[in-house]
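For reference, the structure is listed below as structure tokens.
The values are calculated or read from the model by the stated rules, or taken from the named source; none is laboratory data. Predicted, not measured: the structure shown is a model, and the values here were computed from it. Neighbour counts run over all protein chains shown; Cβ positions are idealised from the backbone, glycine included. Each accessible area value is taken on the protein alone, full model and side chains, heavy atoms only, with ligands, DNA and RNA left out. Shrake-Rupley method; radii C 1.70, N 1.55, O 1.52, S 1.80 Å.
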Amino acid sequence: MDGRRSRIVRMRNLKVSFKTANGCVHAVRGVNLDVYHGETVAIVGESGSGKSVTVKQIMGIRSHNEIVEDGTIEFTYKDKEGTPKTVDLMKLSDRELTQLKGSHIAMVFQDPLTSLDPTMTIERQLAESLILHTDLRGEALHARCIELLDMVGITDIEARLKSYPHQLSGGMRQRVVIAIALSCNPDLLICDEPTTALDVTIQARILELILEVQRKLGIAVIFITHNLGVVAKVADFVNVMYAGKIVEAGTAEEVFFDPRHPYTWGLLSSMPSVNADRSSRLYTIKGNPPNMLNEITGDAFAPRNPFALDIDFVKEPPAFPVSETHWAATWLLDPRAPHVEMPQQLRERIAAMKEEGEEVQA
Ligand code: ADP
Ligand code: MG
């Protein structure tokens, strides 16, 4: 984390809602997100907190009933001449965005089958993507297909190239999807729960693969998961999302070892531990996330927060800085707030994690 980090994504005040028969769902309520070249940024939070909707804005993927109410997404890249450029992705035309994505941004989704065409061989799908994004043709194209499949750990490549998606296992398919994502030499790879649909042992291998590729190619990765154990393994930075907002952000160490938002305390406490007894959780967060059809007053987590102050129900907390890289939006960090510490059990658990480098369960 030195001064030479250069930013690739700077998202500010992103607000997205959905028109539904029941009213307006306020899915993303003012998200700020920074991603730096070559680093892995995780977004964690319960299902429905707005993680997917947030990152899909970078790709310009929206459903018909989706309304972008506000926000900028500055993306910094080098053009063909190597000159650094910054553009607001929200202001590009569809064509400009498609072009930019084609050479700089790729995304891997949860379910590999939805990203592959069942009627085309693996080679054809890889080749189509390469033809779109590069000048490679003929033998060079074939060679690049082989190289990409090799990079994602696929063996018996010539046979695999002739296969159709249904002839491959789930893990293998996700490797192919990652290979296609890498075919445009992206600077940014967005992985939205890339292992959730896979079984546990395969999950670990795909994660290792993403990490390996990230390090080898030096690309930036946005990694979405609801699995904190995974985050501890892969992330440089962690953003904790709740009810359409980032409530805490910092380096993985800061968020895991020095969490400040009671929601983060809850998440960390509810993370299963392998060291103790297999299924042991200290705690589960009581209650449910708020109904996003309603306007939220104050801190959205207040009704579930055992440490809530009166002000939490009235006024939204600003982001209080903890360090240069760490902040949390909780009134507990206001200098006027009473001194509240994280629950003793969580404190002990973090101390143990630090000492033993505890492996958390995937
Ligand atoms: P996460 O990825 O964190 O699980 P999402 O970003 O998918 O959550 O969804 C955030 C919120 O937006 C959820 O409340 C979800 O129900 C809502 N949402 C997403 N897509 C739509 C849609 N097309 N119509 C209505 N609501 C939607
Ligand atoms: Mg999602």
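Checking Leu198, Leu136 one by one, the residue that is within 16 Å of ligand 2 (Cβ to nearest atom), assigned to a loop (DSSP other than H, G, I, E, B) and either touching a Pro at 6+ places or on another chain (Cβ under 8 Å) or open to solvent by 10 Å² or more (accessible area, probe 1.4 Å) (or both) is Leu198 and no other. Just one of the listed residues (Leu148, Leu130) is free of Cβ contacts under 8 Å to residues at least 40 places away in the same chain and in contact with a Ser or Thr (Cβ under 8 Å, 6 or more places away or on another chain), namely Leu148.
Criterion first (in the same structural domain as Ala181 (by TED's automatic domain parsing), in contact with a helix residue (DSSP H, G or I) (Cβ under 6 Å, 6 or more places away or on another chain) and either assigned to a loop (DSSP other than H, G, I, E, B) or of a type in the set (Val, Ile, Thr) (or both)) does Ile67 satisfy it?
Numbers: in the same structural domain as Ala181 (by TED's automatic domain parsing): yes; in contact with a helix residue (DSSP H, G or I) (Cβ under 6 Å, 6 or more places away or on another chain): no; either assigned to a loop (DSSP other than H, G, I, E, B) or of a type in the set (Val, Ile, Thr) (or both): yes.
When the stated conditions are applied, Ile67 does not pass them.
Within the range 22-53, the residues that satisfy the criterion of being touching a Phe, Trp or Tyr at 6+ places or on another chain (Cβ under 7 Å) and closer than 15 Å to Ile190 by Cβ are Glu39, Thr40, Val41, Ala42.
So, Ser52, is that one open to solvent by 60 Å² or more (accessible area, probe 1.4 Å), among the hydroxyl-bearing types (Ser, Thr, Tyr) and within 30 Å of Phe256 (Cα to Cα) or not?
Values: open to solvent by 60 Å² or more (accessible area, probe 1.4 Å): no; among the hydroxyl-bearing types (Ser, Thr, Tyr): yes; within 30 Å of Phe256 (Cα to Cα): yes.
For Ser52, the condition - open to solvent by 60 Å² or more (accessible area, probe 1.4 Å), among the hydroxyl-bearing types (Ser, Thr, Tyr) and within 30 Å of Phe256 (Cα to Cα) - is not met.
For the range 5-49, filtering for residues that are near ligand 1 (Cβ under 10 Å from one of its atoms), open to solvent by less than 50 Å² (accessible area, probe 1.4 Å) and of a type in the set (S, T, N, Q) leaves 2. Where helices (runs of 4 or more DSSP H) sit wholly within the range 238-357, those with at least 2 residues that are within 28 Å of Phe18 (Cβ to Cβ) occupy 262-269. The single condition among (1) assigned to a helix (DSSP H, G or I); (2) farther than 26 Å from Met11 by Cα; (3) of a type in the set (Val, Ile, Thr) that Ile210 does not satisfy is (2).
Look at Leu309 and say whether it is closer than 18 Å to Thr264 by Cα, touching a residue at least 60 places away in the same chain (Cβ under 8 Å) and of a type outside the set (Asp, Glu). Answer is no for this residue.
Tell me the residue from Glu147, Glu158 that is charged (D, E, K, R), surrounded by fewer than 17 Cβ atoms within 10 Å (Cβ to Cβ) and more than 30 Å from the chain's Cα centre (by Cα), please. Reasoning before the result, please.
Values: Glu147 fails: more than 30 Å from the chain's Cα centre (by Cα).
Being charged (D, E, K, R), surrounded by fewer than 17 Cβ atoms within 10 Å (Cβ to Cβ) and more than 30 Å from the chain's Cα centre (by Cα) holds for just one of Glu147, Glu158, which is Glu158.
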